[in-house]
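Structure, as structure tokens:
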Amino acid sequence: MELLIAVAIVAILAMIAIPNFMTAVHRAKQKSTMKDIVSICTAIAGYVTDNESTPAQDGTYDGSTDFYKALSPFYIKVFPINDKWGNNFRVWTGESANQYGISNPTRNDILVASFGRDNKKDSFFFRINDPEGGIFLLTRMSDFNNDLIMWNGSWIRRPGTPSRRGC
């Protein structure tokens, strides 16, 4: 009888701990992916400073692309190709940065994205007059499927809490 009670207690504790553990793992992957996105944007910005325009890129890349070779190793020593879920980063530079509602991009625009845990592009649409519209709360596991997007060094889609307006 005591063994049955002990097994039941362990099972209850496991039911409580495993979801919390999984959330913590995905939160760590998300934060690390966000750091990689910042590193990629910083490397491209350094390239723009020296060359007065972005290296051409339209989507995914690998170690053999001209985009990768233009930045590594001078502007970024460890150039991440995949996010922490194992999915390719997407980078659009210059006029090809017309994703997510970005209109009329210039030759120096930089858009870097991770499609999140599910590797599917969101239907997110950036609105310049609502910069906090891309902030989402992490309340369920499916929230880790949301894209993480940085445009010209500013987050336009990320987890967080929108700031309060007014009093």
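The values are calculated or read from the model by the stated rules, or taken from the named source; none is laboratory data. Just so it is clear, the model here is predicted, and its values are computed rather than measured. Don't worry about glycine lacking a Cβ; one is built from the backbone with ideal geometry, like all the others, and counts go over all protein chains shown.
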Checklist line | Contacts under 7 angstrom Cβ, first residue in region 65-93 being without any contact (Cβ under 8 Å) to a residue 60 or more places away in the chain and farther than 14 Å from Asp147 by Cβ, partner assigned to a loop (DSSP other than H, G, I, E, B) and among the charged types (D, E, K, R), 6 or more apart | finding: Tyr68/Asp62; Ile81/Asp62; Thr93/Asp109
Item checked: Failed condition for Ala24, given (1) closer than 29 Å to Leu137 by Cβ; (2) modelled with pLDDT of 95 or more; (3) part of a helix (DSSP H, G or I) -> (2)
Margin query: Condition (residue is modelled with pLDDT under 95, part of a helix (DSSP H, G or I) and surrounded by fewer than 18 Cβ atoms within 10 Å (Cβ to Cβ)) applied to region 75-94: is it met by at least one residue?
Written below: no
Check: How do the pairs read when you match residues in region 131-142 that are under 10 Å from Thr23 (Cα atoms) with residues anywhere that are at pLDDT 90 or above, using Cβ under 6 Å and keeping only pairs 6 or more apart or on different chains?
Finding: Leu138/Pro159
Check: How many of the residues in region 104-130 are of a type in the set (Val, Ile, Thr), touching a residue at least 12 places away in the same chain (Cβ under 8 Å) and outside any strand (DSSP E or B)?
Finding: 1
